[in-house]
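*Asks:* Okay, here's the structure, questions in a sec.
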Amino acid sequence: MIVADEPIAAGMAGRYATALLELALEEKALDEVAADLEAFAKLLEENKELERLVKSPLFTADEQVKALQAILNKAEIKGIASNFLLTVAQNRRLFGVGAMIKMFRLMVAYHRGESQAEVTVAEPLADKHIQALQAALKSATKRDVRLDIRVDPAILGGIKVKLGSRMIDASLKTKLNAIKLAMKEAR
């Protein structure tokens, strides 16, 4: 049985995400903030220069803030999310923004009575398979489950699902490695 655990707000990412969630709830802007952070996460995933700006310690806080302000304006990310990201940059914590966004997603999902599952597959799933997976996870957790699907051809086939503290690895790569190990032990 799979159990979805309440997200643990430990470490820097947890503290920042908790503060952002509390502010978004207080200002009744949770959906807006979540959407803006998703837009920023997508930009970060797609743009190597932005990733370099975020992760490199060579940029000063002022350089990061100025560059980030221009990016946020162009992407039309405003309000609480914009202020949050700029504060993170000013505090020299921009390197951890990916973890902060991930933790914020988990907290929002928990607040909404949902669970977040990280799914890794070898190739994109058809809609009917996504719906079947969501239904199976909902049946196991008794909660709505939001899927964060990542395609990784390196797993060769099958699926990996991480939900809360539980991990199911039914990837072909893992099964082949287990067979390889068993064959070595049999010699």
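Read the figures in this text as sums done on the coordinates, not as results from a lab. Note that the coordinates shown come from a computational prediction; the quantities given were computed from them, not determined experimentally. Ideal geometry is used to build each Cβ from the backbone, glycine not excepted, and the neighbour counts take in all protein chains shown.
*Asks:* Filter the trypsin sites (Lys or Arg not before Pro) in the range 106-169 down to the DSSP loop ones having no more than 14 other Cβ atoms within 10 Å, then list what survives.
*Replies:* Details: sites: Arg112, Lys128, Lys138, Lys142, Arg143, Arg146, Arg150, Lys160, Lys162, Arg166; in loops: Arg112, Lys142, Arg143.
Counting only loop positions with at most 14 other Cβ atoms within 10 Å, the trypsin sites (Lys or Arg not before Pro) in the range 106-169 are Arg112, Lys142.
*Asks:* Next question. Which order do the peptides 92-102, 23-33 take when ranked by the mean count of other beta-carbon atoms within 10 Å per residue, highest first?
*Replies:* On the way: 92-102: 18.7, 23-33: 15.2.
Listed from highest to lowest mean packing, they are 92-102, 23-33.
*Asks:* Moving on to the next point. Need the list of aspartates and glutamates near Lys160 for cross-linking: C-alpha distance under 14 angstrom, and skip anything on the same chain fewer than eight residues off.
*Replies:* Glu118, Glu123, Asp148, Asp152, Asp169
*Asks:* From the helices alone, meaning DSSP H stretches of at least four residues, give me the mean residue ellipticity at 222 nm for the chain, per-run term -39500 (n - 2.57), in deg cm²/dmol to the nearest 500. Spell out each step's value before the answer.
*Replies:* Numbers: 8 runs with 113 residues, N = 187.
Rounded to the nearest 500, it is -19500 deg cm²/dmol.
*Asks:* So what does the Cα-only Debye profile of the chain read at q = 0.09 Å⁻¹, as log10 I(q)/I(0), no solvent term?
*Replies:* Values, matching the q order: -0.41.
*Asks:* Ala70 to Asp31: FRET efficiency via 1/(1 + (r/R0)^6), r the Cβ-Cβ distance, R0 25 Å, to the nearest 0.05? Write down the numbers at each step before the final one.
*Replies:* Values: r = 25 Å, r/R0 = 1.02.
The pair Ala70/Asp31 has a calculated efficiency of 0.45.
*Asks:* Among all the lysines, which ones have a C-alpha under 18 Å from Lys162's C-alpha, if same-chain residues fewer than 8 places away are not counted?
*Replies:* Lys102, Lys138, Lys142, Lys173, Lys175
*Asks:* If I take R0 = 30 Å and measure r between the Cβ atoms of Asp144 and Thr60 in this structure, what FRET efficiency does the formula 1/(1 + (r/R0)^6) give, to the nearest 0.05? Before the final figure, lay out each step's value.
*Replies:* Values: r = 43 Å, r/R0 = 1.43.
The value I calculate is 0.10.
*Asks:* For the range 14-96, with the dipole built from +1 on Lys and Arg beta-carbon atoms and -1 on Asp and Glu ones, taken about the Cα centre, which of Ala70, Phe59, Leu85 lies farthest toward the positive end?
*Replies:* Towards the positive end, the residue furthest out is Phe59.
*Asks:* Rounded to the nearest 20 debye, what is the charge dipole size of the range 11-107 about its Cα centre when +1 sits on each Lys and Arg Cβ and -1 on each Asp and Glu Cβ?
*Replies:* 340
*Asks:* Round to a whole angstrom and tell me the spacing of the C-alpha centers of the range 16-47 and the range 74-94.
*Replies:* The range 16-47 and the range 74-94 have Cα centres separated by 10 Å.
*Asks:* Give me the dipole magnitude in Debye, nearest 20, for the chain about the Cα centre, with unit charges on the beta carbon: positive for Lys and Arg, negative for Asp and Glu. It would help to have the intermediate numbers written out before the result.
*Replies:* Details: 28 positive and 25 negative charges, 171 e Å.
That gives the chain a dipole magnitude of about 820 debye.
*Asks:* At R0 = 22 Å, how high is the FRET efficiency between Thr18 and Glu123 if r is their beta carbon distance? Nearest 0.05 is fine. Display every interim value, and only then the final one.
*Replies:* Details: r = 36 Å, r/R0 = 1.65.
It comes to 0.05.
*Asks:* Using alpha-carbon positions, what is the distance between the centroids of the range 100-130 and the range 133-150, in Å?
*Replies:* About 8 Å separates the Cα centre of the range 100-130 from the one of the range 133-150.
*Asks:* Amide H neighbours of Arg146 under 5 Å, counting only residues 5+ apart in sequence or on other chains, H built in-plane at 1.01 Å?
*Replies:* Result for Arg146 returns Ser115, Gln116, Ala117.
*Asks:* Moving on. For the chain, which DSSP H helices look membrane-span-like by this rule: Cα extent along the axis of 15 Å or more and mean Kyte-Doolittle of at least 0.5?
*Replies:* Working: long enough: 11-26 (23 Å, 0.62); 30-46 (24 Å, 0.26); 61-75 (20 Å, -0.12); 79-90 (16 Å, 1.15); 97-111 (21 Å, 1.03); 127-141 (21 Å, -0.25); 172-186 (21 Å, -0.01).
Counting only whole DSSP H runs, the qualifying helices are 11-26, 79-90, 97-111.
*Asks:* Quick query: amide H of Gly158 versus all other amide H atoms, modeled in the peptide plane; which residues come in under 5 Å with a sequence gap of 5 or more or a different chain?
*Replies:* Amide H neighbours of Gly158, under 5 Å, 5+ apart: Ala122, Leu172.
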